[in-house]
Amino acid sequence: MRRVVVTGIGAISPLGCDWASVLAHLRSRRNAVQHIDEWDEYEGLNTRVGVPAAPFHLDPVRYNRKTTRSMGRVALMAVRASEMALEQAGLLGDPVLKGGKVGVSYGSSAGTPKAIGDFGRMLLEKSTEGINATTYIKMMSHTAPVNIGVTFGLTGRVVTTSSACTSGSQGLGYAYEMVRSGQQVAMLAGGAEELDATEAAVFDTLFATSVKHNDSPSLTPRPFDVHRDGLVLGEGACTFVLEDYEHAKARGATMLAEVIGFGTNSDGCHVTQPNAPTMAQAMRLALESAGLDAAAIPYVNAHGTATEHGDVAESRATNEVFGPKVAISSLKSYMGHTLGACGALEAWMTIEMMREGWFAPTLNLTEVDPRCGELDYVTGDGRALQTDLVMSNNFAFGGINTSLIFRRI
C-alpha cells in the first residue's frame with residue numbers, strides 16, 4: 001500500500017478563503033452567523049439564521065460566460081477551490097492531470113437549488129419555459145465533480161459522493177483509498193454546498209434548525225450545550241489534492257499532512273436518528289486502518305451540529321472509543337453546518353490547527369448537556385496542544401458515518 005499525502009488545499013468558507021483569515025476568525029472567538037433577510041419572505045420557514053461564504057475572486061478570463069454556463073453557485077465554488085488547491089500543489093496545468101491517473105472524488109447534498117426549482121416549476125405549470133441545455137447540469141447531484149473534471153481536463157476516475165453531511169469526508173476517504181491502492185497517482189477530493197432556503201426548510205420540517213436566536217445570531221449554534229436549539233446552515237467548498245507520497249517526493253512537492261486512516265459505515269437502522277454504536281465503530285475502523293490505538297489521538301474534531309439527538313449520540317460514541325480525556329471541539333459553532341462541504345472544510349481546519357499547535361474552542365458552549373458523553377470539551381481561549389495526530393468525524397442522514405485520521409509530515 002502507498003502512502004498518501006496532502007499537497008494542496010483550496011477552500012471557500014464562511015470564515016475566509018485562506019488559513020490566515022480563518023485563524024484570525026477562530027482566535028477572535030466570534031462566529032459568522034447572520035440573519036438572512038431573504039428568508040423572511042418564506043411563509044412557514046422558522047429559522048432565519050445562516051452563514052454565507054466569504055467573498056471569493058473569480059478570474060474573468062478563466063470564469064467567462066462560456067466556461068461557467070454549466071455551473072451553478074455550488075459548482076463555481078467547487079471549481080474555484082480546486083483551482084486554488086492545484087495552484088498550491090504546483091499541479092495547475094501539469095500534463096499529469098490529463099494522463100488518466102488523476103481523478104476527482106467529490107460531493108454535495110444536491111446541485112444548485114434554483115435549477116431544481118426550474119424543473120419543479122415545469123411540473124406545476126406544465127411548461128418547459130426557463131429550462132435550457134444546462135439546467136440539468138446545474139441541478140444534478142454530481143455537478144461539482146463533473147465541472148471540476150471538465151475545467152481541469154481530468155481523465156482519471158470520477159467518484160460522486162452525494163451523501164449529505166458526509167459528502168466531503170467520503171470524497172476524501174474514497175480518494176485516499178484509490179491513491180493508497182495505486183489505482184490513481186493523485187485525486188482532487190472534497191465537497192461543496194450552497195446556502196439556500198430549500199435546504200433550511202428540510203431541517204426546519206425535522207425541527208432541527210435553530211429558531212430561538214433569529215435576532216441574536218452570534219449566540220447560535222451551541223454544540224453540546226444543554227441550551228442548544230438546533231443547527232445553522234452554512235455554505236462553502238473545499239478541495240484537497242491527495243497524492244502518492246513517492247510521486248510528490250519525486251517532484252519536490254510541499255507536503256501539508258499525511259492521510260493515514262479512514263473509516264466509514266452505516267447505521268442500518270434509521271434514516272434520521274443517529275446511532276452511537278455504529279458511530280463508534282466508524283472511528284475504530286479509522287484507527288484500525290491507521291494501525292493506531294485510541295490513546296494515540298489527543299484531539300477529535302467533532303461533527304457537532306447542535307441538534308438534540310446528534311450531539312448526544314456522537315459524544316457518547318466518542319467517549320466509548322477514547323474515554324473522557326480526549327479533547328474535542330466543533331467548528332460548526334463558527335461557520336454553521338456547511339453540509340456537503342463540512343467534511344472537507346473541517347478536515348482542512350483540523351490539519352491547520354495541528355500545524356499551528358492550537359485548537360479552537362466550541363463557541364457558545366457554557367453548560368455541557370448532562371446527557372452527552374464525558375469528554376474534554378475545549379472551551380474558553382482554545383487549547384495549545386502539540387500533536388502529530390488528529391481525527392475528524394462526520395455523520396449524515398441515512399446513518400452514514402465517517403472518520404478520518406491525519407498525521408503531521
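Taking 0.36 nm per residue of sequence separation and removing the Cα-Cα distance, the M122/L385 pair yields an extension gain of 89.2 nm. 3J(HN,Hα) along segment 225-234: 7, 4, 9, 5, 9, x, 8, 10, 7, x Hz, from the Karplus curve 6.51 cos²θ - 1.76 cosθ + 1.60 with θ = phi - 60°, whole Hz, x for Gly and Pro. Under the shape rule built on the C-alpha gyration tensor, where the axes satisfy a ≥ b ≥ c, segment 265-388 is rounded, since a/c falls short of 1.5. Here the relative contact order of the chain, from alpha carbon pairs under 8 Å that lie six or more residues apart, stands at 23 percent.
Estimated from the Cβ-Cβ distance and a Förster radius of 35 angstrom, the FRET efficiency linking C269 and E43 is about 0.50.
Can you list the residues, at least 5 places off or on another chain, whose amide H is less than 5 Å from the amide H of A306, using H built in the peptide plane? When sequence neighbours closer than 5 places are left aside, the close amide H contacts are F224, D311. Remark: relative contact order (segment 244-376) = 25 percent; criterion is Cα-Cα distance under 8 angstrom and separation of 6 or more residues. Given their separation in residues at 0.36 nm each and the Cα-Cα distance between them, T155 and N214 gain 16.6 nm when the chain is fully extended. Here log10 I(q)/I(0) by the Debye sum over Cα atoms at q = 0.08 Å⁻¹ was computed from the coordinates, and among (i) -0.38; (ii) -0.63; (iii) -0.43 the match is (i).
Less than 5 angstrom separates the built amide H of D369 from those of D225, V226, all sequence-distant by 5 or more or on a different chain. What segment 208-269 shows is 33 Å² of accessible area per residue, with the surface traced by a 1.4 Å probe over protein heavy atoms.
Here the contact order of segment 302-409, divided by its residue count and restricted to Cα pairs under 8 Å and six or more residues apart, works out to 32 percent.
In a DSSP loop and with at most 15 other Cβ atoms within 10 Å, the chymotrypsin sites (Phe, Trp or Tyr not before Pro) in segment 150-241 are F207.
Rounded, prolate or oblate for segment 54-116? Axes are the square roots of the Cα gyration tensor eigenvalues, ordered a ≥ b ≥ c, and the cut-off for rounded is a/c under 1.5. Since a/c reaches 1.5 and a/b is larger than b/c, the shape of segment 54-116 is classed as prolate.
Per atom type, the chain shows carbon and sulfur on 51% of its accessible surface, probed at 1.4 Å. Counting only GluC sites (Glu not before Pro) that are in a DSSP loop and have at most 14 other C-beta atoms within 10 Å, tell me the longest site-free stretch of the chain. For GluC sites (Glu not before Pro) (loop position, at most 14 other Cβ atoms within 10 Å), the longest site-free span of the chain is 130-366.
Note on the chain: with a GNM built from Cα contacts shorter than 10 Å, the maximum mean-square fluctuation among L345, L58, L365 falls on L58.
The values are calculated or read from the model by the stated rules, or taken from the named source; none is laboratory data. Computed from a predicted model, the values in this text were never measured in an experiment. Cβ: placed from backbone, ideal geometry, glycine included. Neighbour counts: every protein chain shown. Just the protein is used for accessible areas: all its heavy atoms, side chains included, with ligands, DNA and RNA removed. Shrake-Rupley method; radii C 1.70, N 1.55, O 1.52, S 1.80 Å.
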